[in-house]
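Worksheet for the structure shown next.
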Amino acid sequence: MANPKTKSLHSLDGEGDPESYESRWVFQEDEYPSEIEDFDAADLRHQPMFDSEDEDNGEHRLVRTGPRIDSFDVEALEVPGAQRNDYEDVSVGKGILLAFQTLGVVFGDVGTSPLYTFSVMFRKAPVNGNEDILGALSLVLYTLILIPLLKYVLVVLWANDDGEGGTFALYSLICRNAKVSLLPNQLRSDARISGFRLKVPSPELERSLKIKERLETSLTLKKIILLLVLAGISMVIANGVVTPAMSVLSSVNGLKVGVDAIKQDEVVMISVACLIVLFSVQKYGTSKVGLVVGPALFIWFCSLAGIGIYNLVKYDSRVLRAFNPIHIYYFFARNSTKAWYSLGGCLLCATGSEAMFADLCYFPVRSVQLTFVFLVLPCLLLGYLGQAAYLMENHADAGNAFYSSVPSGAFWPTFLIANIAALIASRAMTTATFSCIKQSAALGCFPRLKIVHTSRKFMGQIYIPVINWFLLAVSLVFVCTISSLDEIGNAYGIAELGVMMMTTILVTLVMLLIWQIHIIVVLIFAVVFLGLELTFFSSVLWSVTDGSWIILVFAVLMFFIMFVWNYGSKLKYETEVKQKLSMDLMRELGCNLGTIRAPGIGLLYNELVKGIPGIFGHFLTTLPAIHSMIILVSIKYVPVPMVPQSERFLFRRVCQRSYHIFRCIARYGYKDVRKENHQTFEQLLMESLEKFIRREAQERSLESDGDDDSDSEDEYSGSRVLIAPNGSVYSLGVPLLADFIDTNISVPNLEASTSEDANPESPKPPVLDAEQSLERELSFIRKAKESGVVYLLGHGDIRARKDSWFIKKLIINYFYSFLRKNCRRGITNLSVPHSHLMQVGMTYMV
């Protein structure tokens, strides 16, 4: 029998009072209920309600639907501890605290760049005269103005995803506005989440519509975008390795200026000790550590400005002429190839720009912008100007420009604060790495890991223990094997430029698709910044053989891990979709599913958001009995930062009412916290289910009251459309109170019953009173809850077919299998006791 299909006669606007009871008229084509799929009200006139695999032509009947009822009303069901990251309406004192934390978390990396920028530049292009110093200074000044200020602060920060920054935030923003995700688990109802805030391209902007259509229809473009995103994330993780190595080693290197007898090996050992301390305190979180180091970094920026002004006054204020870009031309004319080599060192002044964007989730956008423009940038400019003024009269000190330019009386205090600032800079990139990995894991592009939320109030502040110690280990290896600042600086430039270029491409796409600004502005942005970054990239790649190739190998390894996980997850999901159970089979099994229905509730976890998973059939054939109530639970991450609690759960009936099978889709954003224990989750689930059943009965009762003059009750046994207050359109797709057999309510009794006992030819008892039926079903649910809740976990594994390519076998059977066995199970978030778990394994051939 075909699945029911419903079409609307009117365009449903989805607006209005949720308590209003305005009826809708629909065509009903089949009176047999089925699994309900989601659909968009805007497409209701043109789309079938179901993504059916076996649709037939049914007989059309005109029926009137019920009122606008929210079928997943859980507004009062708040999960304890799930606080939102809300920075609105902060007090003056809170604003000052946020400013200090912003300095300590966001600007540490870019703030410590004066420690090594000139040193690396002049080792690649030695100083032959004052004109070289002016040219190098001019390069640094305009790099600071173009990349951190113009590109990131004034443009890229606005491309945030509801306050979330980073490469994956850009990707989720694009996925929300165009269907470019390769994982086929999207529901049309997801677009009704308030966090989506879709800006549909207007018909007048034909360019945006064509780009959207092209992206959605081209599988190649979807894959290219995903590969770009994975490449950007791999470079962010590589940055998390090289940033601590570069920052700490360059700051400790100042001991060579203060202590003549110290050797390079001793500098390396001190750097190793500092790195161990740095990563050990990472677990204390952003709020605690950021509040402590914020004032320290404020002192650091003030020291940069103070030393810069001192050197400008004492040595040579003529370096202000470097604001004339003609000196860049003179620099290249005098040094040609060496000047081009020095571009890799010049880029180091802009390192930390990407961390500024990735760490955006921790603080308000406006706070980051104002702090950079009015504090960070002026102090950095003064710091570089002061170093250049000192070097105008001390060419020999160009190899360690910063510490040599510090007045002798202030050397040791400056050394101390510089080392503290270097540790802060390392934390900034590590924090950004945590944020990006959490986003990528939520969207199915990174293996699941344990994530610790370090702040009860600000849910975006996280700590990932495995990644933290992994970054520490690789950083220590990097420092011990490559102790040259030139080589580490080159590796730093490769990692930073890689993610910068990916960001430029994705922001360009955001401009075209979402912002819909003039094409000339988009071209200027793309050509200027992508051309500038490619020029810098050509410089650092030329020196890749000096040891910085290690960071490229590390980035490729991380890219491979993410690609394998995404590829395997996609194949697994597609295979589960193909092997889901048909509704015809469920009807043939009967309400007892061909087995014994024992009292209790079974929560079957699966990734499918539509259909009955094949693993459920494996449970039926493996277990001697199945629970009297089954809830198919799917934890689904949608491409939004957070999903409000009132929009968290979607409930549906599966099959007819007598089957007692429900589907629950729990939707989370990639920034949401899942900290509830299993008791809280069960309580939340059952309260939501009772609300759903009461609303369902209320809608059916109102329908009956409005049809006293209509045809018989059996004309009403088909699909029902519910419209939520936020505009979501849903269908119950089952007979609400009709055909409720009294014998089916006795399932909680200890007497076993099988599907063979049900005689389809036996006459049905009369329809029960609505209130009595409702109370009986609620009583059935409560008794089932009292009998116990068991978590049914289906571990679906995948193996490549024997006729598959060798590469596919290698990736699926070995690499993906290894990652899946060693990643964190999703159920661990609920801390379910082993006595409440029941696991069944199943292998899919792909």
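If you take the residues in the stretch 656-707 that are among the hydrophobic types (A, V, I, L, M, F, W, C) and over 34 Å from the mean Cα position of the chain (by Cα), which one is modelled with the lowest pLDDT? Give the derivation first.
Just the residues of the stretch 656-707 that are among the hydrophobic types (A, V, I, L, M, F, W, C), to begin with: 661-662, 664-666, 673, 681, 684-686, 689, 692-693, 697, 702.
Remaining after also requiring over 34 Å from the mean Cα position of the chain (by Cα): 697, 702.
Numbers: Ala697: 84, Leu702: 77.
By that ranking, first place goes to Leu702.
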*Does Phe740 satisfy being of a type in the set (Phe, Trp, Tyr), within 24 Å of Ser658 (Cβ to Cβ), open to solvent by less than 50 Å² (accessible area, probe 1.4 Å) and at pLDDT 75 or above?*
no
*Please enumerate the residues belonging to the stretch 614-636 that are closer than 17 Å to Arg653 by Cα and touching a Ser or Thr at 6+ places or on another chain (Cβ under 9 Å).*
His627, Ser628
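Sort out for me the helices (runs of 4 or more DSSP H) sitting completely within the stretch 327-392 that have 3 or more residues that are surrounded by fewer than 18 Cβ atoms within 10 Å (Cβ to Cβ). Walk me through how you get there before you give the answer.
Details: elements: 337-341, 343-346, 353-358, 365-371, 377-391.
Those helices (runs of 4 or more DSSP H) span 337-341, 365-371.
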*Among the residues of the stretch 792-846, which ones are of a type in the set (A, V, I, L, M, F, W, C), at pLDDT below 80, open to solvent by 20 Å² or more (accessible area, probe 1.4 Å) and in a helix (DSSP H, G or I)?*
Ile827
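Which helices (runs of 4 or more DSSP H) sit wholly inside the stretch 401-481 and have at least 2 residues that are open to solvent by less than 10 Å² (accessible area, probe 1.4 Å), touching a strand residue (DSSP E or B) at 6+ places or on another chain (Cβ under 9 Å) and touching a residue at least 24 places away in the same chain (Cβ under 8 Å)? Break it down stepwise before answering.
Working: elements: 401-405, 411-442, 465-481.
By residue number, 411-442.
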*Go through the stretch 619-697 and tell me which strands (runs of 3 or more DSSP E), entirely inside it, have 2 or more residues that are among the aliphatic types (A, V, I, L, M) and open to solvent by 10 Å² or more (accessible area, probe 1.4 Å).*
625-638
*Inspect all residues belonging to the stretch 104-116 and state whether any of them is of a type outside the set (A, V, I, L, M, F, W, C), part of a helix (DSSP H, G or I), modelled with pLDDT under 80 and more than 21 Å from Ala491 (Cα to Cα).*
yes
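Here is a yes/no grid of residues against (1) modelled with pLDDT of 90 or more; (2) of a type in the set (Gly, Ala, Ser):
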{"residue": "Ala333", "(1), (2)": "yes, yes"}
{"residue": "Leu343", "(1), (2)": "yes, no"}
{"residue": "Leu377", "(1), (2)": "yes, no"}
{"residue": "Tyr403", "(1), (2)": "yes, no"}
{"residue": "Gly409", "(1), (2)": "no, yes"}
{"residue": "Thr414", "(1), (2)": "yes, no"}
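Considering only the stretch 224-238, I want to know if a residue exists there that is part of a loop (DSSP other than H, G, I, E, B) and at pLDDT 85 or above.
Taking the stretch 224-238 as the starting set, the residues that turn out to be part of a loop (DSSP other than H, G, I, E, B) are none.
No, the stretch 224-238 contains no residue that is part of a loop (DSSP other than H, G, I, E, B) and at pLDDT 85 or above.
With respect to Leu249, determine if the residue is buried (at least 17 other Cβ atoms within 10 Å of the Cβ) and touching a Lys or Arg at 6+ places or on another chain (Cβ under 8 Å).
On the way: buried (at least 17 other Cβ atoms within 10 Å of the Cβ): yes; touching a Lys or Arg at 6+ places or on another chain (Cβ under 8 Å): no.
So Leu249 does not fit the description; no.
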_Any residue in the stretch 789-813 that is in contact (Cβ under 8 Å) with a residue 60 or more places away in the chain sitting within a Cβ distance under 7 Å of a residue that is open to solvent by 20 Å² or more (accessible area, probe 1.4 Å) and among the basic types (Lys, Arg)? List the pairs, counting only those 6 or more apart or interchain._
Ile812/Arg799
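In the stretch 293-329, what residues are closer than 21 Å to Asn394 by Cβ and not aliphatic (A, V, I, L, M)? Steps first, please.
We begin by selecting, within the stretch 293-329, every residue closer than 21 Å to Asn394 by Cβ; these are 303-322, 327.
Listed by number, the residues that qualify are Ser303, Gly306, Gly308, Tyr310, Asn311, Lys314, Tyr315, Asp316, Ser317, Arg318, Arg321, His327.
The values are calculated or read from the model by the stated rules, or taken from the named source; none is laboratory data. Since this is a predicted model, take the numbers as computed values, not measurements. Glycine gets a Cβ as well: all are built from the backbone with ideal geometry, and neighbour counts include every protein chain shown. Note: accessible area is taken over every heavy atom of the protein model, side chains too, but ligands, DNA and RNA are not part of it. Shrake-Rupley method; radii C 1.70, N 1.55, O 1.52, S 1.80 Å.
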